[in-house]
Amino acid sequence: MPTTGRGYTYPASTGHTRIWEHLETLAEDINDDVDDIANPAWTTYTPTWTGSLTNPVLGNGTLEGKWRQVDPLMVAVRIKLVPGSTTTFGSGNYKFALPVAAVSGGPHPLLQASALMGSSLYRFVGWVSTVSGSATEVTVYRDNLTSEPLSGWTPTAPVTFANGHSFGMYGFYFSA
């Protein structure tokens, strides 16, 4: 059977018997293609975790990231961090590497984040700053809810980040 440039098969002029079967196959192929476009697969990456003064060391903790290109300009990203007993926490405001550089000088998207520290849940936002050039990391700020400006997330604020706590971030940003 002949195929289109996108790989869809169709009946040749001599293959007109049982045309409904050919149409069903064509419809399924198109549906699969549209589904792949609408729901691209997540790609795993390992984000770099840094502090603005000294870098933390993951040790036996876990840090995982996933991302996908939602459309030609938009990237979805997920980051999960669980420190272990040998994790050291560095100092200064925490940042995480992005899987794809963010657009230069464009919108400054906020990614939503939360952390379970002890028995308390804290809300955070991630700021993708693109003052000059393209951004390759997201800075994490505590969501103060009622006060401005936002405060950076550090190893000891809002509480001491420790073994057994967890942090998760999810959001979208514009790619370069």
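Between Ser166 and Asp32, what's the calculated FRET efficiency when r is the beta-carbon distance and R0 is 35 Å? Round to 0.05.
E(calc), rounded to 0.05, equals 0.45.
Would you kindly find the accessible area of Ile79, with a 1.4 Å probe and non-protein molecules such as ligands, DNA and RNA excluded, rounding to the nearest 10 Å²?
10
The values are calculated or read from the model by the stated rules, or taken from the named source; none is laboratory data. Every value quoted in this text rests on a predicted model; they were computed, and no experiment measured them. Glycine also receives a Cβ, built like all others from the backbone with ideal geometry; neighbour counts cover every protein chain displayed. The accessibility values were calculated without ligands, DNA or RNA, using every heavy atom of the protein model including side chains. Shrake-Rupley method; radii C 1.70, N 1.55, O 1.52, S 1.80 Å.
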